[in-house]
Amino acid sequence: MFQFVNYYMVLMNGTEAARLAGYAGDDAALASTASRLLSHPKVAREIDTRLQQHAMSANEVLARYTQIARGDIADV
């Protein structure tokens, strides 16, 4: 189950994550498996936790956009 989460966090594609995690079936079966896994409370909680660890705060986003907007094209 958590192998699926590892692949999902990289790919953000449930069908492909299920395939790489070793689940069997055609695309329709893998999509169904991914949907079932993504709605599982432990899987959803793990994905949410990992996303929160990597997410930027709103202030950090604004600071980076400001830095880009004020940048000098000569630096590129």
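The residues of segment 41-53 that are open to solvent by less than 70 Å² (accessible area, probe 1.4 Å) and not charged (D, E, K, R), listed by number, are Val43, Ala44, Ile47, Thr49. Here is the figure for segment 37-65: residues that are at pLDDT below 95 and β-branched (Val, Ile, Thr) total 1.
Scanning segment 37-71 for residues that are assigned to a helix (DSSP H, G or I) and of a type in the set (D, E, K, R) yields Lys42, Arg45, Glu46, Asp48, Arg50, Glu60, Arg64.
Looking at Ala74, Ala34, Ala28, which one is part of a helix (DSSP H, G or I) and surrounded by 10 or more Cβ atoms within 10 Å (Cβ to Cβ)?
On the way: Ala74 fails: surrounded by 10 or more Cβ atoms within 10 Å (Cβ to Cβ); Ala28 fails: surrounded by 10 or more Cβ atoms within 10 Å (Cβ to Cβ).
Going through Ala74, Ala34, Ala28 in turn, just one is part of a helix (DSSP H, G or I) and surrounded by 10 or more Cβ atoms within 10 Å (Cβ to Cβ): Ala34.
The values are calculated or read from the model by the stated rules, or taken from the named source; none is laboratory data. Predicted model, so just to flag it, every value in this text is computed and none were measured. Please note: Cβ atoms are built from the backbone with ideal geometry, for glycine as well, and neighbour counts cover all protein chains shown. Note: accessible area is taken over every heavy atom of the protein model, side chains too, but ligands, DNA and RNA are not part of it. Shrake-Rupley method; radii C 1.70, N 1.55, O 1.52, S 1.80 Å.
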